[in-house]
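Notes follow the structure.
The values are calculated or read from the model by the stated rules, or taken from the named source; none is laboratory data. If you're wondering where the values come from, they're calculated on a predicted model, not measured in any experiment. Positions of Cβ are generated from backbone atoms using ideal geometry, with glycine treated the same way; all protein chains shown enter the neighbour counts. Ligands, DNA and RNA are excluded from the accessible area calculation, which covers all protein heavy atoms including side chains. Shrake-Rupley method; radii C 1.70, N 1.55, O 1.52, S 1.80 Å.
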Amino acid sequence: MDAPPAPHSLAGLKAKLAKLFGGSSEAALTNRLAGTIFLIRVFSAGMAYGAQILLARWMGGTEYGIYVYVWTWVLLLGSMLDFGISASAQKIIPEYRAAGDFDRLRGFLSGSRWGTLAASSAVSLILAAIVWSLSGLIDSAEVIPLYLGCLTLPAFVVANTQDGIARSHDWMRLGLMPQFIIRQALIIGFTAGLFVLGFQLGAIAAMAASCAAVWLAMIGQMIALNRRLAGHIAPGPRAYDVRGWLAVSLPILLVEGFYLLLSYTDVLVLQQFRPADEVGVYYAVVKTLALVSFIHYAMSATTAHRFTEYHAAGDTARLAAYVRHAIVWTFWPSLAATALLLALGEPLLWLFGPHFTQGYSIMFVAAIGLVVRAAIGPVERLLNMLGHQQVCALAYALSFVVNLVLCLVLVPRFGGMGAAASTSAALTFETVLLFVIVRRRLGLHVLAFGRQS
């Protein structure tokens, strides 16, 4: 009876939410943008999760495992073949704007996309030639899906580049929705249509549907982005500082590349030593835990270009406070999401099929690395934006080596459990390295708890 009335509690909750997400302060704006990204990724994850469940049930364990293997290569290579441009856009664009160098800005907005399209197309042709030359050594069921994966790569790469450009202007929905909502909806629609029409839905059909979806989503995003940029930047001459772009981008590519290798090593090694259906079970576990990674991704995508702005302005106090805010809002939501997913993990895995529940115990091991990494927030973006790309790349390279060695030792004997343990150990090693690097080079305390001495 002595408790405050319910309306007062509700009003207090509304006031707290308004403080966190309303207003024009930097923290509130960051929370809103990160919240937008997170909601898009969560909604996309729900669609992707549903799509993976349907594909696993329609295709069967073996065909689904082949599709997962090829799609993992597309994700890995597609995220690297932009040569770091999608990430460096969040450094290059704010610097051009701050310096008033609109000729180079216009050149970058156009040249970055055409350049990555040309480069990724050339690499895709080379990869297709490699698949053809090795077709006698590759499982015959994987050859055509691999060709389709090569065809998918150029559109995937350009979409990543456009995402980086859009995020640098705080156009989060334009950057993310074509890739994570529209593309996913098209994949679901195409595969469901093939299933309803009576086609045999194997890895070939699923990859063909995915390829068409990636291309259509990228073209639609390009049209929308061009219209938005036309109203935001006045027309004028263009200057193409390709050498300068690559000087910024290639070190970031090393960071992104080693991070992606670290992320996908478990699935790729598992494919070499274990049956395709076991790969499918492990992939279902990874997809179930993806919500935790989305929180880290959302905060990284929101904060990167602001790290550049505050550093360029020489406002170290503002930068330190902003970094602290990003770390706190990465770790605690990640911890809560992990607890929720572990509690619901078994019924979620059952949706893929009854035998997928054997991966439930793997979830607990895989979750350790994700929570540990979240404890330092998006510090890899902080290092990249402040010019410490090389040492950040070194940290990721060492972590990748740790992951690869552990996977080669543990996966043949322990399968998916060994892959999860290897990845969690590597992520923990990476987190410790990044914490020490930021502490020594920038003098910042980058743990979600504790305080800077």
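See the values below:
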quantity	calculated
Subset of the stretch 136-177 (residues that are at pLDDT 85 or above, under 20 Å from G84 (Cα atoms) and of a type outside the set (A, V, I, L, M))	C150, T152, P154, F156, N160, T161, Q162, D163, G164
Subset of the stretch 188-211 (residues that are modelled with pLDDT of 85 or more and surrounded by 18 or more Cβ atoms within 10 Å (Cβ to Cβ))	F190, I204, A205, A206, M207, A208, A209, S210, C211
The stretch 22-71, subset among the β-branched types (V, I, T) and within 16 Å of A141 (Cα to Cα), residue modelled with the highest pLDDT	V70
Every pair of residues 6+ apart whose Cβ atoms lie under 7 Å, when the first sits in the stretch 58-69 and is at negative phi and of a type in the set (A, V, I, L, M) while the second is assigned to a helix (DSSP H, G or I) and open to solvent by 10 Å² or more (accessible area, probe 1.4 Å)	I66/A141; I66/E142; I66/A276; V68/Y283
Residue ID - nearest to Q221 (Cα to Cα), chosen from residues in the stretch 167-207 that are among the hydrophobic types (A, V, I, L, M, F, W, C), free of Cβ contacts under 8 Å to residues at least 24 places away in the same chain and in contact with a helix residue (DSSP H, G or I) (Cβ under 9 Å, 6 or more places away or on another chain)	F190
Subset of the stretch 388-423 (residues that are open to solvent by less than 10 Å² (accessible area, probe 1.4 Å), within 29 Å of S361 (Cβ to Cβ), touching a residue at least 40 places away in the same chain (Cβ under 8 Å) and in a helix (DSSP H, G or I))	Y396, S399, N403, C407, V411, G416, A419, A420, S422
The stretch 318-332, residues that are in contact (Cβ under 8 Å) with a residue 60 or more places away in the chain and open to solvent by less than 60 Å² (accessible area, probe 1.4 Å)	A320, Y322, V323, H325, A326, I327, V328, T330, F331
Inter-residue pairs, beta-carbon under 9 Å, first without any contact (Cβ under 8 Å) to a residue 60 or more places away in the chain and over 14 Å from G78 (Cα atoms) and in the stretch 108-129, second of a type in the set (A, V, I, L, M) and open to solvent by less than 40 Å² (accessible area, probe 1.4 Å), 6+ apart	W114/V158; A128/L146
Test: L344 is open to solvent by 60 Å² or more (accessible area, probe 1.4 Å), modelled with pLDDT of 80 or more, over 19 Å from the mean Cα position of the chain (by Cα) and over 26 Å from A89 (Cβ atoms)	yes
Counted residues, the stretch 328-354 - those being in contact with a helix residue (DSSP H, G or I) (Cβ under 7 Å, 6 or more places away or on another chain) and within 25 Å of R57 (Cβ to Cβ)	10
